[in-house]
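Notes follow once the structure below has been shown.
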Amino acid sequence: NNLILDAQALKQHYHVKQGIFKPDAVVKAVDGISFQLEKGKTLAIVGESGCGKSTLGRMLTMIETPTSGRLEHLGEDLLSLSKAAQATLRQKIQIIFQNPYGSLNPRKKIGSILEEPLVINSQLSKAERKAKALSIMAKVGLKTEHYDRYPHMFSGGQRQRIAIARGLMLDPSIIVADEPVSALDVSVQAQVLNLMMDLQTELGLSYVFISHDLSVVEHIADNVMVMYLGKVVEQGSKEDLFNNPKHPYTLALLSSTPQLSPDKRRQRIKLQGELPSPLNPPSGCAFHGRCQYANERCHQEVPELRDDQTGHLIACHAVEEQRIEFSHAV
Ligand code: SF4
Ligand code: MG
């Protein structure tokens with residue numbers, strides 16, 4: 001059994017005050033999401049900003065507690081563990097953010113930034129902590145002399161390497177990376193992605209890779225989950241999603257990603273309008289206001305996420321009713 005993370009029907013619902021005369025609104029930031037992550041693999045979570053993907057990432061790292069659902073790490077239910085056991089396990093699941101500069105203390109040298117987690121969570125001596133920091137720095141392509149430098153002395157790509165190094169200091173098994181390369185130049189993006197893939201192979205890491213950018217996801221993912229307003233609309237292997245996409249939202253995202261080769265686009269769909277407010281989500285299929293295939297049923301009935309018999313999951317009435325024509329040429 002290679003399963004490292006098993007999420008079942010995870011929800012994160014927030015109560016939002018709307019003033020004294022109105023009842024609280026409930027924002028369903030994450031609304032019943034299930035997935036399985038295998039050891040050494042990468043699950044990408046894709047969607048526009050506001051779709052709930054970052055909230056999901058924070059729940060996986062236990063920064064936020066889900067409203068309901070089940071989250072198992074190696075068969076153990078994270079949410080029913082004691083606080084102490086959760087704290088230990090939290091070290092095994094690290095998170096990396098988009099803007100490493102915001103999370104690196106500008107007044108600390110790289111060495112002490114890296115060693116800080118060890119001071120708190122290990123019994124290592126000062127010399128042992130330094131040795132560990134230097135060995136992790138070498139793994140991410142930083143030099144020994146960088147140990148005594150400050151964050152502002154580094155480029156964006158190098159800062160992301162520092163953030164990755166810090167994430168590795170406690171020997172995690174899972175890394176949740178929330179838009180880790182979105183703030184970087186395209187040329188630097190590839191370097192950081194390649195580094196992450198090399199580290200995955202070397203250290204057997206499992207990744208949850210959160211991104212709005214399908215061209216980045218195509219590079220790194222094994223499996224992909226496409227989210228829209230707190231729900232999964234399509235989920236499958238990278239091949240399912242990039243070679244045989246089905247959901248109109250996925251088709252639209254693929255059409256609007258210029259880096260992807262045109263011959264892979266089976267349908268050209270323009271994504272119309274904005275993401276609706278999660279405070280006032282549409283009835284039925286939440287995508288219906290932006291979907292060229294929407295009909296009356298779509299306005300009324302929430303489509304279920306269905307398996308097409310091959311493990312490829314799609315939540316769409318038109319797909320189920322075979323109202324969308326897919327070309328079969330590859
Ligand atoms: Fe479009 Fe209807 Fe499918 Fe939603 S369920 S994506 S509105 S066709
Ligand atoms: Mg986000």
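Every number in this text was worked out from the coordinates using simple rules, so none of it is lab data. Bear in mind the structure is a predicted one, so any value in this text is a computation, not a measurement. Reconstructed Cβ throughout: ideal geometry from the backbone, glycine too, with neighbour counts over all protein chains shown.
Key figures for this structure:
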quantity: Leading residue at positive end of dipole, the chain (Cβ point charges), from LEU71, GLY167, THR61; calculated: GLY167
quantity: Given charges at beta-carbon only (K, R positive; D, E negative), |dipole| of the chain in Debye; calculated: 1140
quantity: Cα lying deepest toward the dipole's positive end in region 202-253, options ILE210, VAL224, PRO248, charges on Cβ; calculated: PRO248
quantity: Per-residue HN-Hα couplings for region 229-244 [Karplus 6.51, -1.76, 1.60; θ = phi - 60°; Hz; x = Gly/Pro]; calculated: 6, x, 10, 7, 9, 8, 8, x, 6, 4, 5, 3, 6, 9, 9, 9
quantity: Value of Rg to Rh for the chain (Rh from inverse mean 1/r over Cα pairs, i.e. Kirkwood); calculated: 0.99
quantity: Cα-based shape type of region 178-330, given that a ≥ b ≥ c are square roots of the gyration tensor eigenvalues and the cut on a/c is 1.5; calculated: prolate
quantity: Cα-based reach from LYS92 at 18 Å (exclusive), listing aspartates and glutamates while leaving out same-chain residues under 8 positions away; calculated: ASP6, GLU38, GLU64, GLU72, GLU76, ASP77, GLU115, GLU116, ASP171, ASP178, GLU202
quantity: Links that overshoot a 19 Å alpha carbon limit, given the list LYS53/LYS231; LYS109/LYS130; LYS22/LYS231; calculated: LYS22/LYS231
quantity: Candidates per trypsin sites (Lys or Arg not before Pro) in region 80-178, loop by DSSP, up to 11 other Cβ within 10 Å; calculated: ARG107, LYS143
quantity: Protection proxy ranking, peptides 312-318, 175-181, 187-193, average beta carbon neighbours within 10 Å, highest first; calculated: 175-181, 312-318, 187-193
quantity: Vicinal HN-Hα couplings computed from phi for region 269-284 (Karplus, 6.51 cos²θ - 1.76 cosθ + 1.60; Hz; Gly/Pro x); calculated: 10, 8, 7, 9, x, 9, 4, x, 5, x, 6, 9, x, x, 6, x
quantity: Space enclosed by the convex hull of the alpha-carbon atoms of region 78-195, per residue, Å³; calculated: 108
quantity: 5 angstrom amide H check on VAL233, placed H, neighbours 5+ away; calculated: VAL226, MET227, TYR228
quantity: Karplus (6.51, -1.76, 1.60) ³J(HN,Hα), θ = phi - 60°, over region 58-70, in Hz, Gly and Pro reported as x; calculated: 5, 5, 5, 9, 6, 6, 10, 8, x, 5, 7, x, 10
quantity: The chain: relative contact order in percent, alpha carbon pairs under 8 Å with at least 6 residues between; calculated: 19
